[in-house]
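All remarks here apply to the structure that follows.
What follows is calculated from the coordinates using simple rules that are stated; it is not laboratory data. Worth saying up front: this structure is predicted, and the values here are computed from it rather than measured. Cβ coordinates were reconstructed from backbone atoms using ideal geometry, including for glycine residues, and neighbour counts include every protein chain displayed.
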Amino acid sequence: MEESASTKKFTSKKILGGIATLFTLVGTIITVAARMHNGDAILRAVEGTWTLKTQTENIREARFRDMELRYRVNLTVDGTHVTGNGYKLGEKLAGGKYRPDEGKTRPPFDIAGNLDLNSDSLEVWFTEEQGGEQSTTDLKLEKNVGSWAGTFKSDRATSSGKASLSRF
């Protein structure tokens, strides 16, 4: 029995369609694997001990503009959830010298937040107690080579500015 031209054409279309589907499936698997690998690399790039620096750009009291605060933070990652703890290392007022918080009680604080693996960004927040007052600071950071950089916003004196994480 001979196949008609239309049957051959239909069979060829099925074969080509199957091949196209196979290539699409393989491409999707490779893309997902690459993102998972990239995601693992980002997760590993967050865990560990860091120096967090904030530099105040906007604040109600002008004398605190350009103030730099430094913290030591330890971060861990579970999925895309980030947790950790930290404490203040010291500060530098605008035009002044860096003053470490040596000898002072440095109350620890907890950090929580999330990683966005699609945009290589990290958003975390912590609540710090100082002088009997609590303040909450939000950080939004983007991954750089070996560090993270972005912005902070704090309810202490309604301040905001630049923030960075670098390996301790």
What order, most packed first, do the peptides 144-151, 110-117 have when packing is the mean number of other Cβ atoms within 10 Å of each residue? 110-117, 144-151
Full extension from THR158 to TYR87: what is 0.36 nm times the residue separation minus their Cα-Cα distance, to one decimal in nm? 23.5 nm
